[in-house]
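Worksheet: one structure, shown below.
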Amino acid sequence: MADLPIVLDGPLADQLAHALDVEGKIPRALEALGPLAGRDVLAIDDAAGLRVRQLGELGARIRAIPSLADAAGLPDESVDAIVSWWTSFKGVDTAELGEVDRLLRPDGRLLVVHDYGRDDVSRLRGERPEYGAWSRRDGPFLGGGFRIRVIHCWWTFGSLEDARSFLEAAFGPPGRELADALKRPRLSYNVAIYHRTRGGGPADG
């Protein structure tokens, strides 16, 4: 399930789900880059997940599948947009993009959400390709026909005590170190939405 960028257990996952992007910037950006409202959208995610529900709240007509491999039986040119969060399209794979283009209608859109880094959250997780290689001009996305929209979000907690408790429980010493430096109960969190029109041409934006 791709509701969260980090795999956490039970109560910690629930706490992060309530803290991540409470302003709703991610779904609003997906709508702006789609659009998605009133259109047929294939979500690469759990059908009962928070991110899929957000697309429904935008007015999208959604079919959800666990992975792109599960789309093999879907008809050609059957969706207006494909959206994934964090766990799919880790880089650019020619076979995957071929399947995307098979499924999308003319001018259909692929929207891929990944972490961008350069924020508080990246200090918790160490070096990752999302934080550097993927977002370079010669990287797999921008060098492969995608454009990028960076969304400046937050992990927002009810209090400093809640933030500190979560960070230490979820991330151990790195979380404790970051928590000790907090002045307010939120962490900066940057998300990249890599977007591509069917056939490889990026749309404006």
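The values are calculated or read from the model by the stated rules, or taken from the named source; none is laboratory data. Computed from a prediction, not measured in an experiment: that's the story for all the values here. With ideal geometry, Cβ positions are generated from the backbone for all residues, glycine too; neighbour counts draw on all protein chains shown.
Here is a yes/no grid of residues against (1) surrounded by 20 or more Cβ atoms within 10 Å (Cβ to Cβ); (2) touching a Gly at 6+ places or on another chain (Cβ under 7 Å); (3) at pLDDT 95 or above; (4) of a type in the set (K, R):
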position	(1), (2), (3), (4)
Q15	yes, no, yes, no
E23	no, no, yes, no
L42	yes, no, yes, no
G49	no, no, no, no
G59	no, yes, yes, no
D70	no, no, yes, no
G73	no, no, no, no
T87	no, no, no, no
So G91, is it of a type in the set (G, A, S), over 30 Å from A179 (Cα atoms), buried (at least 19 other Cβ atoms within 10 Å of the Cβ) and touching a residue at least 40 places away in the same chain (Cβ under 8 Å) | no
The number of residues in segment 160-182 that are closer than 16 Å to G126 by Cα, of a type in the set (K, R) and surrounded by 15 or more Cβ atoms within 10 Å (Cβ to Cβ) is 0
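Pick out the one residue from G139, G98 that is out of contact with any strand residue (DSSP E or B) (no Cβ under 9 Å at 6 or more places or on another chain), free of Cβ contacts under 8 Å to residues at least 24 places away in the same chain and buried (at least 18 other Cβ atoms within 10 Å of the Cβ).
On the way: G98 fails: buried (at least 18 other Cβ atoms within 10 Å of the Cβ).
Every option except G139 fails the conditions.
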Only one of these conditions is not met by L103: (1) farther than 27 Å from L74 by Cβ; (2) out of contact with any Pro (no Cβ under 6 Å at 6 or more places or on another chain). Which number is it?
-> (1)
Would you please name the residue that is nearest to F89 (Cα to Cα), looking only at residues in segment 43-67 that are in a loop (DSSP other than H, G, I, E, B) and touching a strand residue (DSSP E or B) at 6+ places or on another chain (Cβ under 9 Å)?
-> S67
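Among the residues of segment 1-21, what is the count of those that are part of a helix (DSSP H, G or I) and not charged (D, E, K, R)? Explain how you work it out, then say what you get.
Residues of segment 1-21 that are part of a helix (DSSP H, G or I), as a first pass: 10-19.
Narrowing further to those that are not charged (D, E, K, R): 10-13, 15-19.
Selection size over segment 1-21: 9.
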